[in-house]
Amino acid sequence: MVKYPAMTDLFLGVDLGGTNVKIGVCTAEGEVRGSVSIPTEAARGPREVIDRMGAAAGKLMEKTGRARACGSGVPGPLDLERTTLFVAVNMPGWKDVPYPKLLGDRLGIPTFMENDANCAAWGEYICGAGKGTQSLVLYTLGTGVGGGIIINGDMWVGASGAAGELGHMMIETNGLKCGCGQLGCVEAYASASALARRWGQGSAKECFDAARKGDRDALAAVDWSADALSIGLANMIHVLHPEIIVLAGGMAAAGDMLFDRVRAGVRRRVFPVCLDKIRIEPSKIPGDDAGWLGAALWGARKTGAYAIREPTR
């Protein structure tokens, strides 16, 4: 029988990725107590991967203390009740997996599943850039564009649980084709992949680096991508008017080169009076910790560590 150090109010977070699984333990306030990463080896199938995740989590908790609950972020569509992972992105064979039950049975603690971008949004809300706010919208800018929405202190997942697909807001009629099959989505313009395609000479990071050195083609590509993103943000502001919009992921690492352009584009499209109390900021949670930390904090929410805030008017 494993004995854990005597500690209370700790939460386990699991970030399931196609290549690696990041596992960590933190307090309900987001204080990190320890973390570990293991290769996913998704081809071995859900049960074997989950068994290995459970073993790694058990060893971690021997050092940090036993967690009250686990939250896990997963890359794929979920049912509204969050009992089934319909399909895991980039993980062949992972279909209709009763993921929280399998993982919870292995861990022996209450286990909750949520979309990984939603978890990141919750983490930013509790202990990141959105700490102290009541409403937040997170955009994850990477290979694609994902997102999460927090309204009045709770996660908004919509009627069927699929809310937060911010990359698939359409911003141009008959625009560029998106990976989803539709035309004119934010993702077709504002993802790292889209920027790299537009520049045509390397990665998004290399494009930003070249733009900083004055390369005209790179600057034009950055302007194009940032302006498209600003349209998506302006639309979101008109609909939800959140206190803060957080940009995370690889593109957000470009810093002022991106943020100055996006903020300027939003100012051109939104009435000044509507922008007085809205901030557009980078993520404050380090990239290596964002996934599992947000998931752990969602596990804390699901076990009653945070109250739902009263709606604002």
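Of Phe112, Phe11, Phe271, the residue with the greatest mean-square motion in the GNM of the chain, using alpha carbon springs below 10 Å, is Phe271.
Based on other C-beta atoms within 10 Å, arrange Cys178, Cys274, Cys70 from fewest to most.
Numbers: Cys178 21, Cys274 13, Cys70 31.
Ranking Cys178, Cys274, Cys70 by Cβ neighbours within 10 Å, fewest first, gives Cys274, Cys178, Cys70.
Relative to the longest principal axis of the Cα atoms of the chain, helix 216-240 runs at roughly 70 degrees. Computed from the Cβ-Cβ distance with R0 of 22 Å, the FRET efficiency linking Phe259 to Leu176 stands at 0.40. In a fully extended conformation the segment linking Asn20 and Asp217 would gain 67.4 nm over its present Cα-Cα distance, using 0.36 nm per residue. When the listed pairs Lys177/Lys302; Lys22/Lys95; Lys131/Lys177 are checked against a 29 Å cut-off, the alpha-carbon distance exceeds it for Lys177/Lys302; Lys131/Lys177.
Largest first and in whole Å, give the semi-axes of the chain's equivalent ellipsoid, each being the square root of 5 times a Cα gyration tensor eigenvalue.
34, 22, 18
Tell me, rounded to the nearest percent, the portion of alpha carbon pairs in the range 33-104 spaced more than 21 Å apart.
Of the Cα pairs, 28 percent sit more than 21 Å apart.
Computed from Cα atoms, the angle from the helix 116-127 axis to the main principal axis of the chain rounds to 90 degrees. Farthest toward the positive end of the dipole of the chain, out of Gly76, Gly24, Met113, is the Cα of Gly24, where the dipole comes from beta carbon charges about the Cα centre. Build a GNM of the chain with springs between Cα atoms under 10 Å: which of Tyr99, Tyr139, Tyr125 gets the top mean-square fluctuation? Looking only at Tyr99, Tyr139, Tyr125, the largest GNM fluctuation is found for Tyr99. Our estimate of slack between Lys95 and Ala56, defined as 0.36 nm per intervening residue step minus the Cα-Cα distance, is 11.7 nm.
Taking the longest Cα principal axis of the chain as reference, the axis of helix 287-302 is set at about 60 degrees. For the chain, a crude dipole built from +1 on the beta carbon of Lys and Arg and -1 on the beta carbon of Asp and Glu, taken about the Cα centre, is about 240 debye to the nearest 20.
Using +1 on the beta carbon of Lys and Arg, -1 on that of Asp and Glu, and nothing else charged, what's the dipole of the range 129-284 about the Cα centre, debye to 20?
Rounded to the nearest 20 debye, it is 200 debye.
For Glu81, Glu114, the sequence from fewest to most other C-beta atoms within 10 Å is Glu81, Glu114. With both bridge residues required to lie in the chain, what share of the DSSP beta bridges run antiparallel, to the nearest 5%? Just about 60 percent of them are antiparallel.
Cβ-to-Cβ counts within 10 Å put Thr173, Thr140 in ascending order as Thr173, Thr140, the fewest first. Nearest-5 percent of antiparallel DSSP beta bridges in the range 129-284? Bridges in the range 129-284 that DSSP calls antiparallel: roughly 55 percent.
Where a number appears in this text, it was derived from the coordinates with a stated rule and is not lab data. None of these values were measured; they are calculated from a predicted model. Here Cβ is always computed from backbone atoms with ideal geometry, including for glycine, and neighbour counts include all displayed protein chains.
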